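Below you'll find the structure, written out as structure tokens, and then a few comments.
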Amino acid sequence: MIEWSKKLFLSDSIKEKPKRLRKIRKKLEKPDKLRFGAFLITLNSNGSDLFDIYNILMFPAKHFKKENADVKIIGVAKNADDAKELTGGIVLKLMKEGVSLTPDGLKGFFKDT
């Protein structure tokens, strides 16, 4: 299941064009129609890393269609460089807020209530 965090981080290029974010969200509901690039930052599911960065074009893959494949999107960037920069910004912000940089700490921070 793909879930969007309410504490979503956006790269500057996405913030400048809010319509692009709406388009990305809409296209993920119908992944067979993905035709453009964007990068999604998700909480890591393996328990040892903090984040995963995916090209949006990977989401039609069978792995993401399985019911047991939970993906929580916490950031959206226009390209790979923006995604890396955004990930660094997320880590700095979390450190300033005193969030534990462990998989459990991150899950707690991004838990939507």
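The values are calculated or read from the model by the stated rules, or taken from the named source; none is laboratory data. Nothing here was measured: the structure is a model prediction, and the numbers come from that model. Here Cβ is always computed from backbone atoms with ideal geometry, including for glycine, and neighbour counts include all displayed protein chains.
Looking across the range 71-113, the residues that are within 16 Å of the chain's Cα centre (by Cα), touching a residue at least 12 places away in the same chain (Cβ under 8 Å) and not in a helix (DSSP H, G or I) come down to Val71, Lys72, Ile73, Ile74, Gly75, Val76, Ala77, Lys78, Asn79, Phe110, Asp112. Could you give me the residue pairs with C-beta distances under 6 Å whose first residue belongs to the range 13-26 and is under 13 Å from Ala38 (Cα atoms) and charged (D, E, K, R), whose second residue is modelled with pLDDT of 85 or more and in a helix (DSSP H, G or I) wherever it lies, and which are 6+ apart or on separate chains? Hits for this filter: Arg20/Ile14.
I'd like the full set of residues that are of a type in the set (D, E, K, R) and either surrounded by 13 or more Cβ atoms within 10 Å (Cβ to Cβ) or at pLDDT 90 or above (or both), limited to the range 38-89.
Asp52, Asp70, Lys72, Lys78, Asp81, Asp82, Lys84, Glu85
Counting the residues of the range 1-32 that are surrounded by 11 or more Cβ atoms within 10 Å (Cβ to Cβ) and either modelled with pLDDT under 75 or assigned to a loop (DSSP other than H, G, I, E, B) (or both) gives 4.
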